[in-house]
Amino acid sequence: MVDYLPRQRPDVVGPTLSFCLRVVDTTAMIRSMTGRARSAWLVLLAMVWPLATSSAQGLDQMGFDRGAKNAPVEVIEFIDLGCSQCARFDAETYPALEREFVTPGKVRWKTVVFVLGTFRHSAFAAEAAECAGEQGKIVPMADALLRRQSEWKAPIGVPRELFASIARSLRLDTAQFNQCVRSERMRDRVRQHKQAAQVLGVYGTPTFFVQRRQRILGAIPGPQFAGYLRSVIAGDAGF
């Protein structure tokens, strides 16, 4: 897999999606090897294949989706709700992409919220978003949490009252929402998202995967992103 931007770091954390989805290419390469090189690749494949495959398959149940299920192009976005670049992308770049690609059914956009481990209270915000998802409101909750980062990232205790206030403004059943947050039952789901991000080599946010092959690092400008998606739809992106 080649990154869309020239800011690639070695994938030492784990295999990427292309490793899972292009195993035929990998197998052909191994067959062409001999001796120690072939043995080393076989050992590596045996170690990482089960984890990589389960993570790739599990993506279908992770995050939240926008757009038509049968859209010809898929974008998977990994974000941390405490990431300022993610908030900027959500507010300034995504709306235009949604109008041109998602709403007309050209692109299916999946957003996976995980915890990078850098931002204060980010794990609690991710759980709050997932709790809103129980009532079908994960998209507006995630948008609100991104917009109001400066409030819940402040050096105070866990801002559960703020999360509850946002839930009320979105007309959620606040009793159900608060019970979900207190129970911490979404913690495992958030951990699964983080594990998937680590396995797929996501080391910064936002990170995007287009067609589960091409990786885009960072909140690139909207016109650049739109131009790339147009090339993918037109079949000019090389896959």
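The values are calculated or read from the model by the stated rules, or taken from the named source; none is laboratory data. Quick caveat, the model's predicted, so the values are computed rather than measured. With ideal geometry, Cβ positions are generated from the backbone for all residues, glycine too; neighbour counts draw on all protein chains shown.
Listing for the model above:
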| item | result |
| --- | --- |
| Condition met for ALA68 (in a helix (DSSP H, G or I) and either at pLDDT 95 or above or charged (D, E, K, R) (or both)) | no |
| Residues of the range 183-202 satisfying the condition of being basic (Lys, Arg) and in a helix (DSSP H, G or I) | ARG187, ARG189, ARG191, LYS194 |
| Number of the condition not met by GLN149 [criteria: (1) in contact with a Gly (Cβ under 8 Å, 6 or more places away or on another chain); (2) surrounded by fewer than 16 Cβ atoms within 10 Å (Cβ to Cβ)] | (2) |
| Extreme residue, nearest to PRO72 (Cα to Cα), among residues of the range 110-165 that are in contact (Cβ under 8 Å) with a residue 24 or more places away in the chain, acidic (Asp, Glu) and in a helix (DSSP H, G or I) | ASP143 |
| Residue list for the range 172-194, restricted to those being surrounded by fewer than 20 Cβ atoms within 10 Å (Cβ to Cβ) and either among the β-branched types (Val, Ile, Thr) or in contact with a Ser or Thr (Cβ under 7 Å, 6 or more places away or on another chain) (or both) | THR174 |
